[in-house]
1. Only residues that are in a loop (DSSP other than H, G, I, E, B) and open to solvent by less than 100 Å² (accessible area, probe 1.4 Å): list them for segment 5-27, please.
2. Restricting the search to segment 28-65, which residues are assigned to a loop (DSSP other than H, G, I, E, B), at pLDDT 80 or above and either open to solvent by less than 80 Å² (accessible area, probe 1.4 Å) or not hydrophobic (A, V, I, L, M, F, W, C) (or both)?
3. Determine the pairs where a residue that is without any contact (Cβ under 8 Å) to a residue 24 or more places away in the chain, located within segment 1-22, has a partner that is open to solvent by 100 Å² or more (accessible area, probe 1.4 Å) and outside any helix (DSSP H, G or I) with Cβ atoms under 8 Å apart, the partner being 6 or more residues away or on another chain.
Amino acid sequence: MTFQIPTFRVDLKREVDLIEEVARLHGVDKIPATAPRGAIGTNGLISVHDEIAEARRDFEWAGLE
């Protein structure tokens, strides 16, 4: 992908800055907490975290907070 950074966004200098901005705009809470492909080992807490986050979204959708 190719991106054009507006000249007034002097804080976006590196690729990681752009990734961080996209994540912030999309919603960091919408990004699943999964290990990168090829990661060694598994962490059971990650799947628990994803299940809790999904339940939280369902409750928010239902009007509960």
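The values are calculated or read from the model by the stated rules, or taken from the named source; none is laboratory data. This is a predicted model, so every value here is computed, not measured. Using ideal geometry, Cβ is built from the backbone for each residue, glycine included, and neighbour counts are taken over all protein chains shown. Side chains are part of the model used for accessible areas, which takes the heavy atoms of the whole protein and leaves out ligands, DNA and RNA. Shrake-Rupley method; radii C 1.70, N 1.55, O 1.52, S 1.80 Å.
1. Ile5, Pro6, Arg9, Asp11, Leu12, Gly27
2. Once the filter is applied, which keeps residues that are assigned to a loop (DSSP other than H, G, I, E, B), at pLDDT 80 or above and either open to solvent by less than 80 Å² (accessible area, probe 1.4 Å) or not hydrophobic (A, V, I, L, M, F, W, C) (or both), segment 28-65 yields Ala62, Gly63.
3. Qualifying pairs under 8 Å: Leu18/Phe3.
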